[in-house]
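Read-outs: derived from the displayed coordinates by stated rules, not from any lab. From a predicted model like this one, the values you see are computed outputs, not experimental measurements. Cβ: placed from backbone, ideal geometry, glycine included. Neighbour counts: every protein chain shown.
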Ligand SMILES: Nc1ncnc2c1ncn2[C@@H]1O[C@H](COP(=O)(O)OP(=O)(O)OP(=O)(O)O)[C@@H](O)[C@H]1O
Ligand SMILES: [Mg+2]
């Protein structure tokens, strides 16, 4: 059978379309389209350009040109002449000799010689995603030599070629749109991951470092008049530094704080409060009542919220008393962090920008099906309450 007979032709088209739809990355999709178009239409050169908004091409993929030749051609083409027309017109463009077209503006010295030309926009509804360009249709049995290009006997592209390319362009539009959506969704995942890490670092690590700094300062002031206590404080510094390192590792690898697994929520919180009580002048206390083990994610969220609420109370409120209470509540638990400090207006805190703490606490409560309450008034202290549903 003739190599371009109806059956082999259909099989080749089908293979090309399948290859296209299997690709997930935009660049791979573009490559597959160009290679398929060149093979199916038996052209010497094929290219696909995706326009940018500045009169150039965001991407320009070619097939039939060696890498060496591609380098010698120089910078990517701009949107001008026939390339531009393909991006602004809706239909195909078929020329017997592109060099004779009035829009032809010449090409750089190393550019291969081209004559017969077929261009096809790739459109998705009203939007032009790109355009396909093919040049130099080969004769059957032609070796592809440049001698007879444009010379007598050149057939140029046919109606059938144009139909085939139009079909390819329609599928290319779908494949390209899918690939873009896929890349977009991956970017979103990466952005979410970055924000998780930012919250994690904020919640765990920067607090530990804050306590560490205070403890180190305490040690420095004690070192002359009470060396024994300074030594204790320094041991505390070492312990806090080790914890900060662990938290950092956990944040990066998304592990739970190790202490939670080993000691459970109540013991971990009690330890944390004890450390803060020693490091700060405010009196920090912990009470716990009838608490049972909770699902791991809820325990972690409670710990993180307690840490941030404590951190805020110690840093912003000027309180001399801070109380942490963990109590059983239906099947779950209720956490309250209360200070007798200066209070603030929660509604007046701008959530965008620098202040991550309150936002992060809300996210964490919401993330485990819980509820967060911030009760504060200027002059009347602050209570942060978090409820989790239990397992
Ligand atoms: N217990 C509190 N007492 C008084 N003011 C508070 C208290 N908690 C929060 N605030 C006020 O609310 C603001 C927002 O708190 P938030 O935790 O969101 O951010 P931050 O502590 O300023 O910064 P970050 O937590 O991102 O390091 C604080 O800057 C502070 O003015
Ligand atoms: Mg804060």
Quiz prompt | Whole-number Å³ per residue for the convex hull built on Cα positions in segment 67-127 | solution = 101
Quiz prompt | Degrees, to the nearest 10: 296-312 long Cα axis against longest axis of the chain | solution = 70
Quiz prompt | Dimensions in Å of segment 285-335 - Rg and Dmax from alpha carbons | solution = 12.1, 35
Quiz item: How far is helix 357-367 tilted off the main Cα axis of the chain, in degrees rounded to 10, range 0 to 90?
Solution: 80
Quiz prompt | Cα-based convex hull, segment 248-321, per residue volume (Å³, whole number) | solution = 98
Practice problem: Quote the FRET efficiency, to the nearest 0.05, computed for residue 331 versus residue 181 with a Förster distance R0 of 41 Å and r equal to the Cβ-Cβ distance. | Solution: 0.50
Quiz item: Can you pull the Kirkwood radius for segment 153-202, inverse mean 1/r over Cα pairs, to one decimal in Å?
Solution: 14.3
Quiz item: Can you give the alpha-carbon Rg of the chain over 2.2 N^0.38 Å, where N counts its residues?
Solution: 1.60
Quiz item: What is the Rg over Rh value, at two decimals, for segment 1-92, using alpha-carbon atoms and the Kirkwood definition of Rh?
Solution: 1.01
Quiz item: Where is the GNM fluctuation largest for the chain (alpha-carbon springs, 10 angstrom cutoff): 23, 315, 225?
Solution: 225
Practice problem: Could you work out the relative contact order of segment 38-111, using alpha carbon pairs under 8 angstrom and six or more residues apart, expressed as a whole percent? | Solution: 24
Quiz item: Hey, got the Cα dimensions of segment 306-391 along the principal axes, in Å, largest first?
Solution: 36, 29, 18
Quiz item: Using the alpha-carbon atoms, what tilt in degrees (0 to 90, nearest 10) does helix 159-200 show relative to the longest principal axis of the chain?
Solution: 10
Quiz item: Where Rh is the Kirkwood radius over the Cα pairs of segment 236-391, the temperature 10 °C and the viscosity 1.306 mPa s, what D in µm²/s does Stokes-Einstein return?
Solution: 100
Self-check item: Taking the convex hull of Cα positions in segment 6-48, its mean projected area over all directions (nm²)
Solution: 2.9
Exercise. Give the Debye-formula value of log10 I(q)/I(0) at each listed q (0.15, 0.18, 0.21, 0.24 Å⁻¹), with one equal scatterer per alpha carbon of segment 190-290, two decimals each.
Key: -0.70, -0.92, -1.12, -1.26
Exercise. Return an integer: the convex hull volume of the alpha-carbon atoms of segment 34-85, in Å³ per residue.
Key: 87
Quiz prompt | Cα centroid separation - segment 215-294 against segment 87-124, whole Å | solution = 71
